[in-house]
Amino acid sequence: MNEAALRLGSVTRSFGTGADAVTALDSVTLTIPKGTFTAVMGPSGSGKSTLLQCAAGLDRPTSGAVMLGDTDLTKLGETRLTRLRRDRIGFVFQAFNLLPSLTAEQNVALPLRLAGRRPKRAAVLDVLERVGLRDRAGHRPSELSGGQQQRVALARALVTRPEVLFGDEPTGALDSRTGAEVLALLRDMVDRGQTVIMVTHDPVAASYADRVLFLADGRVRDELYSPAADQIAARMTRSAVAPC
Ligand code: ADP
Ligand code: MG
């Protein structure tokens, strides 16, 4: 098996205390090998977003370890965690979260500017080329379609060459055709060595992944390798009816 890009060891995340306490993640242990595409599925409230946020250093587990390569995120103070997120992790959201007043090129360059680096124009345009938007570099988000905006967000997430790219329903706001374009891009990036972890509700989207994890009540209840969409849909029904 490949080297691990990310490892979670008994990760628990609880919210609140006493009678109001919610265990969003319940002692989750898993390994994500480098250069693989993982989809995370499960009913609403099953802990998908919490899993992603803890794995990406956007949230802190109540207990357990999150290893990005050799670094345990849970051991880092705020400043170092912020720097790690900036330098080693990419994130795309369902809402593209682009800055409306900036062009595509400026949006993509932003993470480099925030890191105090002087972005090289050629490097920024190169990433835009990879998502098929080299010729839209000067456009603002309002001048782009939803699919194009998500591709700019993808370019922005990739410009720092993150070890792991996370997506929380990155195709949730797209129609199926533009969603398929974004998924094909993600698949292509994985085939070139990128590690991707994506939350989705859509069996077709999940079928682009190498592995699907099914969450229920904050635990990984099931998984499928090299899944087909109909197989995923069948497994979703089964785990909803009879969690194992
Ligand atoms: P999913 O993304 O699968 O819909 P979440 O990870 O968002 O699930 O949430 C899992 C559980 O944790 C839910 O019961 C949710 O209400 C709870 N939860 C998530 N974030 C918070 C929070 N900040 N405060 C309190 N409860 C939360
Ligand atoms: Mg969620």
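The values are calculated or read from the model by the stated rules, or taken from the named source; none is laboratory data. Quantities reported herein were computed from a predicted structural model and do not represent experimental measurements. Here Cβ is always computed from backbone atoms with ideal geometry, including for glycine, and neighbour counts include all displayed protein chains. To get the accessible areas, we keep the full protein, side chains included, count just its heavy atoms, and leave off ligands, DNA and RNA. Shrake-Rupley method; radii C 1.70, N 1.55, O 1.52, S 1.80 Å.
So for each of 204-215, 83-94 I average, over its residues, the number of other beta carbons within 10 Å; can you give me the resulting order with the highest mean first?
Numbers: 204-215: 23.1, 83-94: 18.2.
The most tightly packed comes first, giving 204-215, 83-94.
To the nearest 10 degrees, how steep is helix 146-158 against the longest Cα principal axis of the chain, on a 0 to 90 scale?
Helix 146-158 sits roughly 80 degrees off the main axis of the chain.
About the Cα centre of the chain, what is the dipole size in debye to 20, counting +1 per Lys and Arg Cβ and -1 per Asp and Glu Cβ, all else neutral? Could you put the intermediate results ahead of the total?
Working: 31 positive and 26 negative charges, 174 e Å.
The dipole of the chain has a size of about 840 debye.
For the ranges 74-80, 197-203, what's the packing order if you count other beta-carbon atoms within 10 Å of each residue, average per peptide, and put the highest first?
Taking the mean over residues of other Cβ atoms within 10 Å, the ranking is 197-203, 74-80.
Work from the charge dipole of segment 86-231 (Cβ charges, +1 for Lys and Arg, -1 for Asp and Glu, about the Cα centre) and give the residue of Tyr208, Val190, Gln106 farthest towards its positive end.
Final value for the positive-end residue is Gln106.
Express the accessible area of the chain per residue in Å², computed with a 1.4 Å probe while the remaining protein chains stay in the model.
That works out to 48 Å² for each residue.
Out of residues 5 or more away from Arg211 or on other chains, whose amide H comes under 5 Å of its own, with H placed 1.01 Å from N in the peptide plane?
For Arg211, whose amide H was placed from the backbone, the distant partners under 5 Å are Phe37, Ala39, Ser226.
Round to the nearest 0.05 the FRET efficiency obtained for Arg117 and Asp70 when R0 = 25 Å and r is the Cβ-Cβ distance.
Numbers: r = 24 Å, r/R0 = 0.95.
Computed FRET efficiency for Arg117 and Asp70 comes out at 0.60.
Place a +1 charge on the Cβ of each Lys and Arg in segment 42-166 and a -1 charge on the Cβ of each Asp and Glu, then give the dipole magnitude about the Cα centre in debye, rounded to the nearest 20.
Dipole of segment 42-166, to the nearest 20 debye: 320 debye.
Could you work out how far helix 104-114 tilts from the main Cα principal axis of the chain, as a 0 to 90 degree angle to the nearest 10?
70
Run the numbers for His201 and Glu223: contour at 0.36 nm per residue of separation, minus the present Cα-Cα distance, in nm.
Going from the current span to full extension adds 6.4 nm.
Taking R0 as 45 Å, what's the FRET efficiency between Arg192 and Phe15 from their Cβ-Cβ distance, rounded to 0.05? Don't skip to the answer; put the middle values down first.
Values: r = 38 Å, r/R0 = 0.84.
Efficiency for this residue pair is about 0.75.
Report, to the nearest whole %, how much of the accessible area of segment 76-191 belongs to carbon and sulfur atoms, 1.4 Å probe, protein only.
47
Name the long-range amide H neighbours of Ala4: under 5 Å, sequence gap of 5 or more, or other chain; modelled H, no Pro or chain starts.
Lys34
To the nearest 10 degrees, how steep is helix 78-88 against the longest Cα principal axis of the chain, on a 0 to 90 scale?
Long axis of 78-88 versus the principal axis of the chain: about 70 degrees.
Per residue of the chain, what 222 nm ellipticity follows from adding -39500 (n - 2.57) for every DSSP H run with n ≥ 4, rounded to the nearest 500?
-10500 deg cm²/dmol
Within 10 Å, count the other beta carbons around each residue, average over each peptide in 48-57, 150-159, 27-36, and list them highest first. Provide the component values of the computation, followed by the final result.
On the way: 48-57: 23.2, 150-159: 25.0, 27-36: 17.2.
By packing density, highest mean first, the sequence is 150-159, 48-57, 27-36.
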